[in-house]
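To keep things clear, I will list the structure first and then write my remarks on it.
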Amino acid sequence: SQDHAYDVVMKGDLAFTADGSNGLTVYDVTKDPTVMDSGFVRANIGAGSTRPPLGRATGIALWTDPATAREYALMAAGPRGVGVVDVTDVDAMFFVKVFEPIKIEDDKVIHADGRCVDVQVVGDKAFFSYASFGIVAYAIADLIEPVPYGVDPLQIWVHQGEELIYDHRPVALAQFKLKNVPGYEDVDGEALYMEYTDVADRVVFYAAYGPAGVLMIDWTNAAAPQLLGVVPTVHEA
(Lines give C-alpha, C1' and ligand atoms only; values in the text may rest on other atoms or scores of the structure.)
Protein backbone atom coordinates (compact mmCIF):
# COMPACT_ATOMS: atom_id res chain seq x y z
CA SER A 1 0.00 0.00 0.00
CA GLN A 2 1.03 3.60 -0.45
CA ASP A 3 2.45 5.68 2.37
CA HIS A 4 5.11 8.35 2.75
CA ALA A 5 8.84 7.79 2.29
CA TYR A 6 10.63 9.83 4.97
CA ASP A 7 14.34 9.13 4.47
CA VAL A 8 16.65 7.46 1.97
CA VAL A 9 20.22 6.19 1.71
CA MET A 10 21.80 5.35 -1.64
CA LYS A 11 24.18 2.43 -2.13
CA GLY A 12 25.18 1.98 -5.75
CA ASP A 13 22.00 1.74 -7.81
CA LEU A 14 19.85 0.84 -4.81
CA ALA A 15 17.82 3.28 -2.74
CA PHE A 16 17.11 2.10 0.81
CA THR A 17 14.09 4.02 2.10
CA ALA A 18 12.44 4.52 5.46
CA ASP A 19 9.04 3.91 3.94
CA GLY A 20 6.63 4.79 6.73
CA SER A 21 4.27 1.94 7.62
CA ASN A 22 5.78 -0.05 4.75
CA GLY A 23 8.99 -0.40 6.76
CA LEU A 24 12.16 -0.69 4.69
CA THR A 25 11.73 -0.68 0.92
CA VAL A 26 14.64 -1.03 -1.50
CA TYR A 27 14.33 0.43 -5.01
CA ASP A 28 16.52 -0.21 -8.05
CA VAL A 29 16.82 3.26 -9.58
CA THR A 30 18.04 1.89 -12.90
CA LYS A 31 14.58 0.40 -13.55
CA ASP A 32 11.55 2.18 -14.95
CA PRO A 33 9.09 2.95 -12.11
CA THR A 34 6.24 3.42 -14.60
CA VAL A 35 6.44 -0.24 -15.70
CA MET A 36 4.69 -2.58 -13.26
CA ASP A 37 7.14 -5.50 -13.50
CA SER A 38 10.34 -3.59 -14.27
CA GLY A 39 11.99 -4.57 -10.99
CA PHE A 40 11.97 -0.99 -9.70
CA VAL A 41 10.74 -2.27 -6.33
CA ARG A 42 13.58 -4.62 -5.42
CA ALA A 43 12.69 -5.74 -1.90
CA ASN A 44 10.75 -4.92 1.25
CA ILE A 45 10.72 -5.87 4.91
CA GLY A 46 8.47 -4.60 7.65
CA ALA A 47 5.26 -3.73 5.82
CA GLY A 48 2.09 -4.43 7.77
CA SER A 49 -1.51 -3.29 7.82
CA THR A 50 -2.20 -3.56 11.57
CA ARG A 51 1.01 -3.31 13.66
CA PRO A 52 3.95 -2.90 11.25
CA PRO A 53 7.17 -4.48 12.61
CA LEU A 54 9.07 -1.26 11.85
CA GLY A 55 6.29 1.02 13.02
CA ARG A 56 6.21 4.15 10.90
CA ALA A 57 9.82 4.16 9.75
CA THR A 58 11.09 7.73 9.43
CA GLY A 59 14.88 7.41 9.47
CA ILE A 60 17.54 5.07 8.06
CA ALA A 61 21.32 4.74 8.07
CA LEU A 62 23.49 1.98 6.61
CA TRP A 63 26.54 0.52 8.34
CA THR A 64 29.01 -2.13 7.16
CA ASP A 65 30.79 -4.29 9.72
CA PRO A 66 34.50 -4.02 8.83
CA ALA A 67 35.18 -7.41 10.44
CA THR A 68 32.56 -9.43 8.54
CA ALA A 69 31.54 -7.14 5.62
CA ARG A 70 27.91 -7.71 6.61
CA GLU A 71 25.67 -4.71 6.01
CA TYR A 72 23.00 -3.41 8.35
CA ALA A 73 20.19 -0.90 8.10
CA LEU A 74 19.61 1.01 11.32
CA MET A 75 16.03 2.26 11.40
CA ALA A 76 14.13 4.89 13.34
CA ALA A 77 10.96 2.85 13.68
CA GLY A 78 8.47 5.30 15.14
CA PRO A 79 6.57 3.87 18.13
CA ARG A 80 8.36 0.53 17.72
CA GLY A 81 11.63 2.26 18.59
CA VAL A 82 14.96 1.13 17.14
CA GLY A 83 15.07 -1.30 14.22
CA VAL A 84 18.11 -3.26 13.06
CA VAL A 85 17.91 -5.17 9.77
CA ASP A 86 20.58 -7.30 8.10
CA VAL A 87 20.56 -6.16 4.45
CA THR A 88 23.70 -8.00 3.31
CA ASP A 89 21.55 -9.94 0.82
CA VAL A 90 18.88 -7.49 -0.30
CA ASP A 91 16.73 -10.35 -1.55
CA ALA A 92 16.84 -12.07 1.86
CA MET A 93 16.82 -9.27 4.43
CA PHE A 94 16.01 -10.22 8.02
CA PHE A 95 15.39 -8.58 11.40
CA VAL A 96 18.24 -8.56 13.91
CA LYS A 97 16.17 -6.81 16.57
CA VAL A 98 13.46 -4.22 17.02
CA PHE A 99 13.04 -2.65 20.45
CA GLU A 100 12.15 0.37 22.54
CA PRO A 101 15.02 1.85 24.55
CA ILE A 102 15.27 0.85 28.19
CA LYS A 103 13.48 3.26 30.49
CA ILE A 104 13.50 2.92 34.27
CA GLU A 105 11.02 4.86 36.33
CA ASP A 106 10.35 4.34 40.04
CA ASP A 107 12.68 1.31 39.88
CA LYS A 108 10.48 -0.27 37.20
CA VAL A 109 11.37 -1.06 33.60
CA ILE A 110 8.68 0.53 31.40
CA HIS A 111 7.99 1.50 27.80
CA ALA A 112 9.94 4.45 26.40
CA ASP A 113 7.90 7.52 25.60
CA GLY A 114 6.86 8.58 22.12
CA ARG A 115 8.43 7.58 18.83
CA CYS A 116 11.87 7.14 17.32
CA VAL A 117 12.31 9.78 14.62
CA ASP A 118 15.83 9.88 13.18
CA VAL A 119 19.17 8.06 13.20
CA GLN A 120 22.75 9.14 12.58
CA VAL A 121 25.89 6.99 12.52
CA VAL A 122 29.25 8.32 13.69
CA GLY A 123 31.98 5.71 13.32
CA ASP A 124 30.90 2.66 15.29
CA LYS A 125 28.19 4.49 17.25
CA ALA A 126 24.54 5.07 16.35
CA PHE A 127 22.43 7.94 17.66
CA PHE A 128 18.62 7.83 17.67
CA SER A 129 16.32 10.78 18.35
CA TYR A 130 13.34 9.59 20.31
CA ALA A 131 10.76 12.40 20.65
CA SER A 132 10.09 13.04 24.35
CA PHE A 133 12.64 10.38 25.43
CA GLY A 134 15.54 12.42 24.03
CA ILE A 135 18.55 11.26 21.99
CA VAL A 136 20.03 7.84 22.72
CA ALA A 137 23.52 6.61 21.75
CA TYR A 138 24.44 2.95 21.22
CA ALA A 139 27.54 1.00 20.29
CA ILE A 140 26.66 -0.57 16.93
CA ALA A 141 28.32 -3.79 18.07
CA ASP A 142 25.58 -4.06 20.70
CA LEU A 143 22.84 -3.31 18.17
CA ILE A 144 23.92 -6.03 15.73
CA GLU A 145 24.54 -8.67 18.42
CA PRO A 146 22.15 -11.57 17.62
CA VAL A 147 19.42 -12.25 20.16
CA PRO A 148 19.52 -15.61 21.98
CA TYR A 149 18.30 -18.64 20.08
CA GLY A 150 14.53 -18.94 20.18
CA VAL A 151 13.89 -15.28 21.01
CA ASP A 152 11.70 -13.41 18.53
CA PRO A 153 13.79 -10.44 17.24
CA LEU A 154 10.56 -8.41 17.20
CA GLN A 155 9.92 -9.11 20.89
CA ILE A 156 13.24 -9.10 22.68
CA TRP A 157 11.83 -8.04 26.04
CA VAL A 158 8.69 -9.27 27.78
CA HIS A 159 7.04 -8.18 31.00
CA GLN A 160 3.83 -9.20 32.73
CA GLY A 161 2.44 -6.45 34.91
CA GLU A 162 5.36 -5.29 37.04
CA GLU A 163 7.35 -8.49 36.52
CA LEU A 164 10.09 -8.49 33.88
CA ILE A 165 10.18 -11.93 32.24
CA TYR A 166 13.26 -11.34 30.08
CA ASP A 167 15.05 -8.39 28.51
CA HIS A 168 17.69 -8.69 25.78
CA ARG A 169 17.75 -5.03 24.78
CA PRO A 170 21.17 -3.37 24.47
CA VAL A 171 22.15 -0.85 27.13
CA ALA A 172 22.62 2.65 25.76
CA LEU A 173 25.98 4.38 26.04
CA ALA A 174 24.20 7.61 26.94
CA GLN A 175 20.90 9.44 26.78
CA PHE A 176 20.47 13.19 26.33
CA LYS A 177 17.21 14.85 27.34
CA LEU A 178 16.91 18.63 27.57
CA LYS A 179 14.72 18.53 30.69
CA ASN A 180 17.55 16.77 32.51
CA VAL A 181 19.88 19.76 31.99
CA PRO A 182 19.86 22.21 34.92
CA GLY A 183 17.98 25.35 33.96
CA TYR A 184 15.90 23.65 31.26
CA GLU A 185 13.60 21.56 33.45
CA ASP A 186 10.50 23.51 32.34
CA VAL A 187 11.38 23.90 28.65
CA ASP A 188 9.07 22.01 26.27
CA GLY A 189 10.53 20.10 23.36
CA GLU A 190 11.05 16.74 21.74
CA ALA A 191 14.01 15.34 19.82
CA LEU A 192 13.20 15.16 16.11
CA TYR A 193 15.56 15.34 13.11
CA MET A 194 19.25 15.97 13.54
CA GLU A 195 22.61 16.35 11.81
CA TYR A 196 26.18 16.43 13.06
CA THR A 197 29.65 17.66 12.25
CA ASP A 198 32.86 15.76 12.94
CA VAL A 199 35.74 18.20 12.68
CA ALA A 200 39.18 17.66 14.24
CA ASP A 201 37.75 14.71 16.20
CA ARG A 202 35.08 16.90 17.78
CA VAL A 203 31.53 15.64 17.21
CA VAL A 204 28.76 18.21 17.49
CA PHE A 205 25.09 17.38 16.99
CA TYR A 206 22.47 19.86 15.83
CA ALA A 207 19.04 18.60 16.82
CA ALA A 208 15.64 20.01 15.95
CA TYR A 209 13.90 19.96 19.33
CA GLY A 210 10.39 21.20 18.61
CA PRO A 211 9.32 24.29 20.61
CA ALA A 212 12.76 24.50 22.28
CA GLY A 213 14.45 25.31 18.97
CA VAL A 214 17.77 23.87 17.74
CA LEU A 215 20.08 22.22 20.26
CA MET A 216 23.86 22.09 19.87
CA ILE A 217 25.33 19.11 21.71
CA ASP A 218 28.99 18.16 22.03
CA TRP A 219 28.93 14.37 21.74
CA THR A 220 32.65 13.79 21.26
CA ASN A 221 32.58 11.46 24.25
CA ALA A 222 29.79 9.04 23.36
CA ALA A 223 29.10 8.39 27.05
CA ALA A 224 28.97 12.05 28.10
CA PRO A 225 27.03 14.45 25.85
CA GLN A 226 27.27 18.13 26.80
CA LEU A 227 24.80 20.84 25.84
CA LEU A 228 26.57 23.73 24.09
CA GLY A 229 23.56 25.93 23.49
CA VAL A 230 19.94 26.30 22.46
CA VAL A 231 19.02 28.49 19.48
CA PRO A 232 15.38 29.63 19.39
CA THR A 233 13.46 29.36 16.12
CA VAL A 234 10.53 31.40 14.84
CA HIS A 235 8.27 28.40 15.29
CA GLU A 236 8.87 24.77 16.23
CA ALA A 237 12.10 23.26 14.89
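The values are calculated or read from the model by the stated rules, or taken from the named source; none is laboratory data. Since the structure is predicted, the reported quantities are computational estimates derived from the model, not experimental observations. Every residue, glycine as well, gets a Cβ built from its backbone with ideal geometry; the counts of neighbours run over all protein chains shown. Please note that ligands, DNA and RNA were not included when accessible areas were found on the heavy atoms of the full protein model with its side chains. Shrake-Rupley method; radii C 1.70, N 1.55, O 1.52, S 1.80 Å.
Observations on the model:
- Rounded accessible area per residue of the chain, 1.4 Å, Å²: 50 Å²
- Within the chain, helix-based [θ] at 222 nm, where runs of 4 or more DSSP H residues each add -39,500 (n - 2.57), nearest 500: -500 deg cm²/dmol
- Mean-position separation - Cα centroids, segment 33-86 and segment 181-198, in angstrom: 27 Å
- Extension gain for L227-E185 works out to 13.8 nm (0.36 nm per residue, less the C-alpha to C-alpha distance).
- Note on the chain: Lys pairs 8 or more places apart or on different chains, Cα atoms under 25 Å apart, count 13.
- Amide hydrogen proximity for R42: with H placed 1.01 Å from N in the peptide plane, the residues at 5 or more positions away or on another chain lying under 5 Å are V26, Y27, D28.
- Placing +1 on the Cβ of every Lys and Arg and -1 on the Cβ of every Asp and Glu, with no other charges, gives the chain a dipole of roughly 100 debye about its Cα centre.
- For segment 90-101, Karplus couplings with θ = phi - 60° (6.51, -1.76, 1.60), whole Hz, Gly/Pro x: 4, 7, 9, 5, 8, 6, 8, 5, 9, 7, 8, x
- Segment 133-237 - percent relative contact order, Cα under 8 Å, separation 6 or more: 20 percent
- Assigned charges on the beta-carbon of Lys, Arg, Asp, Glu; segment 96-237 dipole about Cα centre (debye): 260 debye
- Area of H111 that stays accessible when all protein chains are in place (1.4 Å probe, Å², to 10): 100 Å²
- Note that segment 39-166 carries a Kirkwood radius of 15.3 Å, evaluated over its alpha carbons pair by pair.
- Taking the inverse of the mean reciprocal distance over all distinct Cα pairs, the Kirkwood hydrodynamic radius of the chain comes to 18.6 Å.
- Accessible surface of the chain, 1.4 Å probe: 52 percent of it comes from carbon and sulfur atoms.
- Segment 101-237 - Kirkwood radius from inverse mean 1/r over Cα pairs (Å): 16.0 Å
- Karplus-based coupling profile of segment 59-72, in residue order and whole Hz: x, 8, 9, 9, 9, 10, 6, x, 7, 10, 6, 6, 10, 10, with θ = phi - 60° in 6.51 cos²θ - 1.76 cosθ + 1.60 and x standing for Gly or Pro.
- Length gained when the stretch K31-H168 is fully extended (0.36 nm per residue, less Cα-Cα span): 45.3 nm
- For segment 27-109: relative contact order, % (alpha-carbon pairs under 8 angstrom, 6 or more apart): 19 percent
- Cut-off under 5 Å, modelled amide H: who pairs with A47 long-range: L24
- Phi angles across segment 232-237 convert, under the Karplus curve 6.51 cos²θ - 1.76 cosθ + 1.60 with θ = phi - 60°, into 3J(HN,Hα) values of x, 10, 4, 10, 5, 7 Hz, Gly and Pro given as x.
- Computed over the chain, relative contact order equals 11 percent, with contacts defined as Cα pairs under 8 Å that lie 6+ residues apart.
- Segment 82-137: Rg to Rh, with Rh as the Kirkwood radius over Cα pairs: 1.05
- A probe of 1.4 angstrom, applied to the heavy atoms of all protein chains, finds S132 with accessible area near 40 square angstrom.
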